[in-house]
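Visitor: Encoded as structure tokens, here's the structure I'll be asking about.
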Amino acid sequence: MTNDKDIAAILRSVRGALGWSQPQFAKYAGVSVPTLARIETLAVKPQLATVAQLMRAIDMLGFRVEWRGQGAWSLHTNGLKDGKI
């Protein structure tokens, strides 16, 4: 089971791997910049629909999140499908 800290860390990791700012990733994922910022800083508990939308964007970019249980996860790339907006 994942938690908000995991989600925030995954988002920051993906953005870091791409060299993208919050506005760039938010635009690609179709969420507002304030929403992304609040999720990444743990200021809000993200809604399931928003998390699903963000995870779809991560998948579309060629990343795969592997859940290893007990809060452990790893991030893999299958070759970036779209390194630029």
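Readers should treat all values here as calculations from the given coordinates under stated rules, not as data from a laboratory. It should be emphasised that the depicted structure is a prediction, and the values quoted were computed from it without experimental measurement. Quick reminder, even Gly has a Cβ in these numbers, built from the backbone with ideal geometry, and neighbours come from all protein chains shown.
Visitor: What is the magnitude of the charge dipole of the chain about its Cα centre, with +1 placed on the Cβ of each Lys and Arg, -1 on the Cβ of each Asp and Glu, and no other charges, expressed in debye to the nearest 20?
Guide: Approximately 120 debye in magnitude.
Visitor: Mean separation of Cα pairs under 8 Å and 6+ residues apart, divided by the residue count of segment 4-77: what relative contact order is that in percent?
Guide: Reported relative contact order: 29 percent.
Visitor: Would you report the distance distribution of C-alpha pairs in the chain as whole percents per 5 angstrom bin, up to the bin with the largest distance?
Guide: With 5 Å bins starting at 0, P(r) equals 3, 15, 29, 28, 18, 7, 1.
Visitor: Would you grab the residues whose amide H sits under 5 Å from the one on residue 73? Only those 5+ places off in sequence or on another chain, please, with H modelled 1.01 Å from N.
Guide: For residue 73, the qualifying residues are 68.
Visitor: Near the amide H of residue 63, under 5 Å away, which other amide H atoms are found, from residues 5 or more places off or on another chain, if H is placed in the peptide plane?
Guide: 78
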